[in-house]
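Peer 1: Below you'll find the structure I mean.
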Amino acid sequence: MNPVLFPRTEEMLLSMVKAYPEARFMAGGTDLLVALRQKQKALPPLIGLERMEGMGDILREGDEISIGAACTLKEVASHPLTRQHLPLLCQGADSVGGPALRNMATLGGNLCTASPAGDTLPALFLLEARPELLSEKGLRTLSMEAFITGPGRTALLPGELLHRIRIPIPPNAPIQHFEKVGNRNAMAIAVASLAALIRMEQGLVTQARLAWGSVGPKVIRSSEAEAALMGKPLREESLKEAAFYAQKAVQPISDIRASADYRKKVSASLLQRLILYRDSDDKGERS
Amino acid sequence: MPTQISGNATESPSRSPMTIGLPLPRGDARAKACGREPYAADLFPENLLLAQALRSGLPCGRLLELDLEEARQIPGIVAILTAKDVPGSNRQGIIHKDMPVLVEDRIRYCGDPVALLIAENKEAIRSAMSCIRIHAEPSPGVFDLDEAMAENAPLVHEDKPGNMLAKATIQKGKPDFDACAAVVEGWFETPVQAHGFLETEAGTACLLEDGTLRMEVSTQSPFRDRLEISHALGIPFMQVHIHAPSLGGGFGGKDGATVQCLLGLAALHCPGRSVKMLWEREESFVAGYKRHACRMHYRLGALADGSLHSLHARLWYDTGAYAHLGPEVMELGMEHAAGPYRIPHNLTEGFCVHTHTPTGGAMRAFGVCQVSFAFESMMDMLAEKLKQDPLELRLRNALHRGDTNGAGVLLESSTSLAACLEGIRNHPLWQTRRQWQKEAPPFCIRGTGLAAVFNAAGYGGGVRDAAIAKIEMDVKGHFIVHNAVTDMGQGNSSAFLQIAGHILRQSAEALSLRQPDTRSAYPSGSSSAGRTTYTFGKALISACEELASRLINRAGLILFLQNDEGLVLEPGRVRHEPSGRSVSLEQLASFMSLEERVCLGQFIAPVCREVPDTSRGFFIGFPHVIFGYGAHLARVEVDTLTGRVQVKDYLALTDGGAVLNPSMFDQQVQGGVAQGIGYALYEDFITEKGVVKTKDFTTYLMPGSLDLPDILSLAPPVEEEESGPFGMKGIGEVAMNGPLPAIANALRDAGCRRIHKAPIMAEAVLGSLENR
């Protein structure tokens, strides 16, 4: 039997990592335990993070929201700070699995699994989240682009832990829109998703950030699609132009859930939904 | 000890007698809500061994050798058995005995069991599994209908040329499409569906000292299991003792041997020890029986006034590696191929084809939900061509009592499809559909679709469809119903309590029920085919009436009354109304021997008296004489950006004859519709070259609570079914047939091009919106 350890402090955690270099970190376990069940071999030691100090809270620090990596998706989706400032992240977190799963699964876990279909990832990219990593050498922070290096791969070094996620509060409350397409309304892995963060001033788009999930090895961005919206009202024509670039940017695969062709079509067509915000005021609310 | 569920004991303070027609709570509600109801999967007897099959992992080939030595050395491994260790015929199958308990030679699908591991614990099994090497010679297989029927295709079974397990026709009249004013034609395809029950295939077994093989197993057919085990393992069938506790779902997937013969084999090799087998979800997906995939070609013609005239239907059922009930599934589909309509000329051809894929077996509305998609799509296509209202077209052609159905059978039993359709016509969901359609939100289109469906009840011609019920009064004056047909969750045991309570005029507290046990109950057939409450219920009525008359007689003796006049059963006693004197049931029980306190009753379901000369190539199961009918309405909303479909409203009117318990009636319909919506929009069991791609609930999607609408179930005024208990007939299956065609028709009404393939995925819907 391999041990299951529950450190409370960074010190305990680092000593456990030293004692069991082959150990796996476990937060909610909703991905890890499923993966381990598939293996025929003996289980590795597990270091559970649920009792760790400083990994389960959501704070405002200056112009940032700082989220402990072991916060559950339910906490992330329902916390007053995230609801007020990061609705995009809340929508992403709220679309993962179902209620029981969101009570277990964590934001840190969703990042570390680094699935191309991770539902919080498009939001974290657009919100310029910075994962903060902890190891015996101390802390370091990375950009999302640097943290996620490929499907299922991150920049975490052996013995290094995702500690917190720091997210700057977007200024001037832009439109934050997330839509996930799955094969059913809950407990479904995304077939495609779109996150949009758009600022309108006097009816014109002054900032546009777009990201797609589940249609490439990592979250997909398209500066051409974003540029196509800039300086214009949100209308069918500019959204269609953005859609044209979106189709070029995404790199979907065919799998049991959907074909590459469908994913491509939907990545483009989901942009049309943004027209519902065309008359939004400068606070990003639909009128 | 056989388990008992009590009637609504301690639940309802009321001492009033149970009454037919009231929405009484289910007898098992409390135990199930509290998690106390014992299922086979929950049993962990002392000193338990575990058994697990090693499966081929190869869809087609020849088993050469198994390298077992290393695995046998693993601590905790008790035995590893192969085909050589099977004492009997090593063959199982409900009718067609073609499925080995353990493979001797030919591997026919990826789930074929090649060895049986028995161990003290799970870890030992896990380790042993990983070090057994299967030496097998793979060979080219046939993985779909086209490959199986191609010239010189490899054969799944050497004695089935062309991989054709069965081939049959129904011919009534002579189809003549030249005589028709409108003809429509189309291909349809339906997927393999998995039952997805919560409790996977499970059981425990023990070989007792006296040679009895005792088994508690999750099964829909405890009495037939004895024969299966006896045949496969070569032991006398009276030595096999089966107990079937409540099932955590069955839907047909536990009709026929799943764990039984493997478990029996394990127990024979470890006398005196209990052995348990519980399939993991992944094993259940690979090795469990499935609904047959089906391909259909339909040609349907009508006269100018909309009267149906001619049908030519061809049906190809993919039955997978073994026969199971393949031919019977196909035949039932053929019997329903013309829909619940009057149609003078029908030629239906059926083909049941083997492939190297998991075995097709029984599943709720077997054979019929496939053809329902085709005939109800055809009806809407015809209505469109004739520019007629789809509801009126169905009403015009609906079967009534006295008509002959599409298979040429004269309908002498209750037939109230028209009442169901009229219920739709008068319902606001139908009447306001155009207004509702206009109010679609942005990026949405809306449509309303109909389906008229039916489903035969009972085994059909050539098979004795009988039940023997037993009711017992114990020494305390309480009653025990000895159920003999499994309750897989559909609520038949609750119906039996209600029937017994009604006849014996007892409250729920005075009644309990014992689930099927082959040593204390009597052969009553399987829990299937919409026959369970119908057949056993009828037998139970006669048993209860006999017991009631014995109690009245005994009370009359005690009260010195010359005859039964004025004597009535009441909760807990028999009372003489004129004098007010009474005898308690406990007192009565103390005067009666066990023999006198037990009554049996039997019933044999009616069969067709004049079998029409319409069928060719049928083995058994034709024709049926009693049908449940239904008319369904679905309102759907389509997201035009994604093609995603949401069913917003669902209405089902069902003709099940008289309703014994309205809430259980609704539950059956709602469950069937939910499973039918899964079949329509979500569920797709996929194999690729014979390898299962959907082995879990992450890849095999079933609808969840957010995907299903409120399902409104109504019982319109219908004819009673004179042959059934209190006028009822089975409705467990018919609701399954409506959703797929109703949703397909609703999508067409919304403005999609017609979709011919299920499940209807967003991608196909989005495609059907292009260049509209």
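The values are calculated or read from the model by the stated rules, or taken from the named source; none is laboratory data. Just so it is clear, the model here is predicted, and its values are computed rather than measured. Ideal geometry is used to build each Cβ from the backbone, glycine not excepted, and the neighbour counts take in all protein chains shown. The accessibility values were calculated without ligands, DNA or RNA, using every heavy atom of the protein model including side chains. Shrake-Rupley method; radii C 1.70, N 1.55, O 1.52, S 1.80 Å.
Peer 1: At a 1.4 Å probe, which residues in segment A:40-67 are at least 20 Å² less accessible with all protein chains present than in their chain isolated?
Peer 2: Checking the loss per residue gives A:Gln40.
Peer 1: Going through segment B:634-700, which trypsin sites (Lys or Arg not before Pro) have at most 16 other Cβ atoms within 10 Å and a DSSP loop state?
Peer 2: Sites meeting the loop and neighbour criteria: B:Lys689, B:Lys693.
Peer 1: Oh, and also: Report the far tail of the P(r) of chain A, meaning the percent of Cα-Cα pairs longer than 27 Å. Walk me through the numbers on the way to the answer.
Peer 2: On the way: 16683 of 41041 pairs.
So the pairs more than 27 Å apart make up 41 percent of the total in chain A.
Peer 1: With all pairs of different alpha carbon atoms counted, what Kirkwood hydrodynamic radius in Å does segment A:148-187 show?
Peer 2: Over segment A:148-187, the inverse of the mean reciprocal pair distance is 14.6 Å.
Peer 1: Please report, as a whole percent, how much of the solvent-accessible surface of segment A:4-168 comes from carbon and sulfur atoms (probe radius 1.4 Å).
Peer 2: Working: 4110 of 7480 Å².
Carbon-and-sulfur percentage of accessible area, whole number: 55.
Peer 1: Rg/Rh for segment A:167-220: what does it come to with C-alpha atoms and Rh from Kirkwood?
Peer 2: Result for segment A:167-220 is an Rg/Rh of 1.07.
Peer 1: Taking each pair of distinct Cα atoms in segment A:4-168 once, what is the resulting Kirkwood hydrodynamic radius in Å? Intermediate results must be reported in sequence, preceding the final value.
Peer 2: Working: mean 1/r = 0.0630 Å⁻¹.
15.9 Å is the Kirkwood radius here.
Peer 1: Counting Lys and Arg as +1 and Asp and Glu as -1, what is the net charge of the other residues whose Cβ lies under 13 Å from the Cβ of B:Ala440?
Peer 2: Net charge in that neighbourhood comes out at +2.
Peer 1: Output the residues of segment A:180-208 meeting this criterion: accessible area (heavy atoms, 1.4 Å probe) in the chain alone minus accessible area with all protein chains in place is 10 Å² or greater.
Peer 2: A:Val181, A:Gly182, A:Asn183, A:Arg184, A:Asn185, A:Ala186, A:Ile189
Peer 1: Hey, another quick one. Tell me which lysines have Cα within less than 30 Å of A:Lys39's Cα, excluding those fewer than 8 residues away on the same chain?
Peer 2: Here the lysines satisfying the reach criterion relative to A:Lys39 are A:Lys18, A:Lys74, A:Lys218, B:Lys122, B:Lys254, B:Lys276, B:Lys290, B:Lys689, B:Lys693, B:Lys695.
Peer 1: Exposed loop sites here are GluC sites (Glu not before Pro) in DSSP loop states with at most 12 other C-beta atoms within 10 Å. What is the longest stretch of chain A lacking them?
Peer 2: Values: sites that count: A:Glu22, A:Glu136, A:Glu285.
That would be A:137-284.
Peer 1: Skip the ligands, DNA and RNA, and give the accessible area per residue of the protein assembly as shown with a 1.4 Å probe, whole Å².
Peer 2: The answer is 38 Å² per residue.
Peer 1: Toward the positive end of the charge dipole of segment A:4-168, about the Cα centre and with charges on Cβ (Lys, Arg +1; Asp, Glu -1), which of A:Gly62, A:Leu101, A:Thr120 goes farthest?
Peer 2: Positive-end residue among those listed: A:Leu101.
Peer 1: In a Debye calculation with equal point scatterers on the alpha-carbon sites of the protein assembly as shown and no solvent, what is log10 I(q)/I(0) at q = 0.05, 0.07, 0.08 Å⁻¹?
Peer 2: For the protein assembly as shown, the Cα-only Debye profile gives -0.37, -0.72, -0.93.
Peer 1: Interface A/B, total buried accessible area with a 1.4 Å probe, nearest 100 Å²?
Peer 2: Protein heavy atoms only, the A-B interface buries about 2200 Å².
Peer 1: Averaged over every viewing direction, what's the projected area of the C-alpha convex hull for segment A:175-277? Give it in nm², one decimal, please.
Peer 2: Hull-based average projected area comes out at 6.0 nm².
Peer 1: Could you sort B:400-408, B:350-358 so that the peptide with the highest average Cβ count within 10 Å comes first and the rest follow in order?
Peer 2: B:350-358, B:400-408
Peer 1: In whole Å, how far is the Cα centre of segment B:597-676 from that of segment B:531-574?
Peer 2: One Cα centre to the other: 33 Å.
Peer 1: Using DSSP to define loop residues, name the trypsin sites (Lys or Arg not before Pro) in segment B:499-550 whose beta-carbon has at most 13 other beta-carbon atoms within 10 Å.
Peer 2: Qualifying residues, ordered by number: B:Arg519.
Peer 1: If you don't mind, there's one more thing I want to ask. What distance in nm separates the two pseudo spin-label positions at B:Ala304 and B:Ala181, each 7 Å out from Cα along the beta-carbon direction?
Peer 2: Each label point lies 7 Å from its Cα, and together they span 0.5 nm.
Peer 1: Continuing with the same structure: Tell me, what does the Kirkwood hydrodynamic radius of segment B:497-551 come to in angstroms if you use every pair of distinct C-alpha atoms?
Peer 2: Numbers: mean 1/r = 0.0811 Å⁻¹.
Evaluated over segment B:497-551, this radius sits at 12.3 Å.
Peer 1: Right, another one. How many percent of the accessible area of chain B is carbon or sulfur, using a 1.4 Å probe?
Peer 2: Heavy-atom surface of chain B belonging to carbon and sulfur, 1.4 Å probe: 52 percent.
Peer 1: Assigning unit charges at the beta carbon (Lys, Arg +1; Asp, Glu -1) and nothing else, what dipole magnitude in debye, to the nearest 20, does chain B show about its Cα centre?
Peer 2: With Lys and Arg at +1 and Asp and Glu at -1, about 740 debye.
Peer 1: Another one. Counting helices only, and only those DSSP H runs with n ≥ 4, report the 222 nm mean residue ellipticity of chain B as the sum of -39,500 (n - 2.57) divided by its residues, in deg cm²/dmol to the nearest 500.
Peer 2: Value at 222 nm, helices only: -7500 deg cm²/dmol.
Peer 1: Whole angstrom only: what separates the Cα centroid of segment A:1-44 from the Cα centroid of segment A:103-129?
Peer 2: One Cα centre to the other: 20 Å.
Peer 1: Still on this structure, I have one more. In a Debye calculation with equal point scatterers on the alpha-carbon sites of chain B and no solvent, what is log10 I(q)/I(0) at q = 0.05, 0.11 Å⁻¹?
Peer 2: Results for chain B at q = 0.05, 0.11 Å⁻¹ read -0.26, -1.21.
Peer 1: Which is the longest stretch in chain B that no exposed loop site breaks, taking sites as GluC sites (Glu not before Pro) with a DSSP loop state and at most 10 other Cβ atoms within 10 Å?
Peer 2: On the way: sites that count: B:Glu46, B:Glu151, B:Glu158, B:Glu209, B:Glu439, B:Glu565, B:Glu610, B:Glu770.
No qualifying site falls inside B:210-438, the longest such stretch.
Peer 1: Could you work out the mean count of beta carbons from other protein chains within 10 Å of each residue's beta carbon in B:641-647?
Peer 2: Partner Cβ neighbours, averaged per residue: 5.
Peer 1: Could you tell me what percent of the accessible area of segment A:175-277 is made up of carbon and sulfur, with a 1.4 Å probe and every protein chain present? Display every interim value, and only then the final one.
Peer 2: Details: 1990 of 3820 Å².
In segment A:175-277, the share of accessible area belonging to carbon and sulfur is 52 percent.
Peer 1: So, one more: Between B:Glu577 and B:Ser705, with labels modelled 7 Å along Cα→Cβ, what's the label distance in nm to one decimal, could you check?
Peer 2: 4.8
Peer 1: Which value in nm describes the separation of the simple spin-label points at A:Ala186 and B:Arg36, placed 7 Å from the Cα toward the beta carbon?
Peer 2: 2.9
Peer 1: Going toward the positive end of the dipole of the protein assembly as shown, with +1 on Lys and Arg Cβ and -1 on Asp and Glu Cβ, which of B:Leu497, B:Gln587, A:Thr72 do you reach last?
Peer 2: Going by the charge dipole, the pick is A:Thr72.
Peer 1: Which of B:Ala652, B:Ser663, B:Thr640 sits farthest toward the positive end of the charge dipole of segment B:561-698, with +1 on the Cβ of Lys and Arg and -1 on the Cβ of Asp and Glu?
Peer 2: B:Thr640
Peer 1: Provide Rg over Rh for segment B:218-311; use the alpha carbon set for both Rg and the Kirkwood Rh (inverse mean inverse pair distance).
Peer 2: 1.27
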